[in-house]
1. Where the second residue is surrounded by 18 or more Cβ atoms within 10 Å (Cβ to Cβ) and assigned to a loop (DSSP other than H, G, I, E, B) and the first is in contact (Cβ under 8 Å) with a residue 12 or more places away in the chain and of a type outside the set (D, E) and lies in segment 35-51, which pairs have Cβ atoms under 8 Å and are six or more apart or on separate chains?
2. Output the residues belonging to segment 88-111 that are over 16 Å from T58 (Cβ atoms) and among the small types (G, A, S).
3. Is it true that V97 is under 30 Å from H24 (Cα atoms), in contact (Cβ under 8 Å) with a residue 40 or more places away in the chain and in contact with a Pro (Cβ under 6 Å, 6 or more places away or on another chain)?
Amino acid sequence: MAPKKYKLSYLPLFYEDLLEAVNHIRLKLKNEQAAEELLNLAELAIRERLVAPEAFETFQSMKERKYPYYRIYVKNYIIFYVVIPNESDSNFATMEVRRFIYNRRNVKKLL
């Protein structure tokens, strides 16, 4: 059996979350280098996870969901994603990146 292949997609909400975090670091904290590092680390973590996104523990949520959430920790942030199977070919799926949330926020309320 061939290993499953994953396509990567992002929700617009992920980009909004990421931009908000980067702008906070860049503009409010006046730390351009830390903002750039956060962007690079987030991209790297997502690309590394794309190899086997279902090989990790799911996020336990009180809400019933069609697809379980998975987490990636990057610095003080959590990237949330789901894996959506391809209905016509079980060897393919989509890793859909959905949120980028500061880890001290009420994550369960935001999801």
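No value in this document is a laboratory result; all are computed from the given coordinates. Keep in mind the model is a prediction, meaning the values are calculated, not measured. Don't worry about glycine lacking a Cβ; one is built from the backbone with ideal geometry, like all the others, and counts go over all protein chains shown.
1. Short answer, once both residue conditions are applied: none.
2. As a first pass, look at segment 88-111 and keep what is over 16 Å from T58 (Cβ atoms): 88-92, 94, 100-106, 109-110.
S88, S90 - these are the residues of segment 88-111 that are over 16 Å from T58 (Cβ atoms) and among the small types (G, A, S).
3. Working: under 30 Å from H24 (Cα atoms): yes; in contact (Cβ under 8 Å) with a residue 40 or more places away in the chain: yes; in contact with a Pro (Cβ under 6 Å, 6 or more places away or on another chain): no.
So V97 does not fit the description; no.
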